[in-house]
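Colleague: The following block contains the structure, expressed as C-alpha cells.
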Amino acid sequence: MNVDTTHLVKILTMLSLVGLLFDVGLRLTWREIRHALRACRIGWILAANFLAVPLLAVLAARAAGLSDDVSTGMILLAAAPFAPVVPVFTKMVRGDLALAAGLTALFPFAASVLTPFICQLSLAYLPARSELAFHIPTILLVLASTITLPLVAGLLVRHWNVKLARWLNKPAEILSQSAGALSLAYVTLSEFKTIASVGWRALLVMAVVFELSLLLGYALGGPASGRRRVIALGTSNRNIALAILIALASFPGSPVVGTVVANGLMLIFLGLLHVAYWRFSSPAHKPTT
C-alpha cells in the first residue's frame, strides 16, 4: 500500500469511527449508560474482551504456527472489542438494545486506554516481530481523538439539545456507514493480493477464535437470552475499523493491514450467520427494550 493510499484509508477509517461514535453518543444519555452498566457483569465482560480473547488469539496463532504478519493481524482484531455494528446486530436478533447501546458507549473509553497496552503485551509473545514497531503514545492519541472525543461530543449535544441530536442522527449515520464501506472496499482492493495469500488455515484459526469468543460472551450474559446475545455478539465481533487504523499507524508498509481485513471479513461473515440463526430460530421472541 503506497503512501497516498494509506493516507486515504486512514482518513476514511477515522471518519467512520468518528461518525459511528458520535452517532452512538447522540442516541444516549448519561443515565442510560449508568443503568446499562449496572445491570450487567461489566468487570467480567471487560476482562473477557481485553484479556481472554487476545490471549486466545495469541495461543491459537502460536499453536497453528501462523506467520508474524497474520498473527499480528489476528491480535489487533482481538484487542479491538465490541464493534459499533453490535447494536445493529442486536436489533436484528431481538436482543437487549439498551444494553447494546450502553456497552457500545463504554467500550470506546476502555479501548482508548487498554487496546494499545493489550496489543503491546500480546505481540510480545510472538516468536519474532522483525522490525515492526508499536507506538503507544501515537495510538493513544488516535484512539482518544477518534473514539472518546466524538462519543463525549455526541452525549453533550444530546444533553444540551435533544432536537438537534435527533436531527444529526441520520447525517452522522450516513457519514459513518459510507466512510466505513468505502474504507473497507478500498483497502480490500488495494490489499487483495495479501488478503488472498492469508490462506484457509489462518482463516480457520480466526473462525475458531470467533466461535470460542462468542461462547464465552454468551456464558457471561446471564439468564436472559436478550442479554446473552448482546454480550456474545459484542465479544465475538471485533472493531475492524479500529484494528485497521492501528495497523496503518503502527505497521506501515507491512502486510498486516491485509491480514486484518481478511480476518475481519471472516468475522463479518460469521457474525451474519449467527444473526440469521438467532433471528429465524426464535421468531416468537419479543425484542427487549
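Colleague: How do the helices (runs of 4 or more DSSP H) wholly within segment 1-120 filter down when requiring 2 or more residues that are under 18 Å from the mean Cα position of the chain (by Cα): which remain? Reasoning before the result, please.
Modeller: Details: elements: 3-26, 30-38, 42-47, 53-64, 68-78, 86-92.
Once the helices (runs of 4 or more DSSP H) in segment 1-120 are filtered for at least 2 residues that are under 18 Å from the mean Cα position of the chain (by Cα), what remains is 3-26, 42-47, 53-64, 68-78, 86-92.
Colleague: Please find, within segment 176-201, the residue that is modelled with the highest pLDDT out of those that are more than 30 Å from D23 (Cα to Cα) and not in a helix (DSSP H, G or I).
Modeller: Applying the filter and picking the extreme gives G199.
Colleague: Since I268 meets every condition but one in (1) under 13 Å from the mean Cα position of the chain (by Cα); (2) among the β-branched types (V, I, T); (3) buried (at least 22 other Cβ atoms within 10 Å of the Cβ), which condition does it not meet?
Modeller: With respect to (1) under 13 Å from the mean Cα position of the chain (by Cα); (2) among the β-branched types (V, I, T); (3) buried (at least 22 other Cβ atoms within 10 Å of the Cβ), I268 is out only on (3).
Colleague: Regarding L204, is this residue free of Cβ contacts under 8 Å to residues at least 24 places away in the same chain, assigned to a helix (DSSP H, G or I) and over 23 Å from L245 (Cα atoms)?
Modeller: Working: free of Cβ contacts under 8 Å to residues at least 24 places away in the same chain: yes; assigned to a helix (DSSP H, G or I): yes; over 23 Å from L245 (Cα atoms): yes.
In short, yes.
Colleague: Something else: Of the residues A202, A207, which single one is crowded, with 23+ Cβ neighbours inside 10 Å, over 28 Å from L141 (Cα atoms) and of a type in the set (A, V, I, L, M, F, W, C)?
Modeller: A202
Colleague: How many of the residues in segment 28-83 are of a type outside the set (A, V, I, L, M, F, W, C), within 15 Å of G217 (Cα to Cα) and at pLDDT below 90?
Modeller: 3
Colleague: Going by what's in this entry, would R62 be described as touching a residue at least 24 places away in the same chain (Cβ under 8 Å) and charged (D, E, K, R)? Break it down into steps so the answer makes sense when it comes.
Modeller: Details: touching a residue at least 24 places away in the same chain (Cβ under 8 Å): yes; charged (D, E, K, R): yes.
Against the criterion (touching a residue at least 24 places away in the same chain (Cβ under 8 Å) and charged (D, E, K, R)), R62 qualifies.
Colleague: Here's another thing I want to ask about it. Out of the residues in segment 103-113 that are more than 16 Å from A232 (Cβ to Cβ) and touching a residue at least 40 places away in the same chain (Cβ under 8 Å), state the one that is surrounded by the fewest Cβ atoms within 10 Å (Cβ to Cβ). Talk me through it step by step, then tell me what you get.
Modeller: Filtering segment 103-113 for residues more than 16 Å from A232 (Cβ to Cβ) gives 105-106, 108-113.
Now restrict to residues that are touching a residue at least 40 places away in the same chain (Cβ under 8 Å): 105-106, 108-111.
Details: A105: 26, L106: 19, P108: 27, F109: 16, A110: 19, A111: 23.
Once the filter is applied, the top-ranked residue is F109.
The values are calculated or read from the model by the stated rules, or taken from the named source; none is laboratory data. Quick caveat: nothing in here was measured; it's all calculated off a predicted structure. A quick note on method: Cβ atoms are made from the backbone with ideal geometry, for glycine too, and the neighbour counts reach across all protein chains shown.
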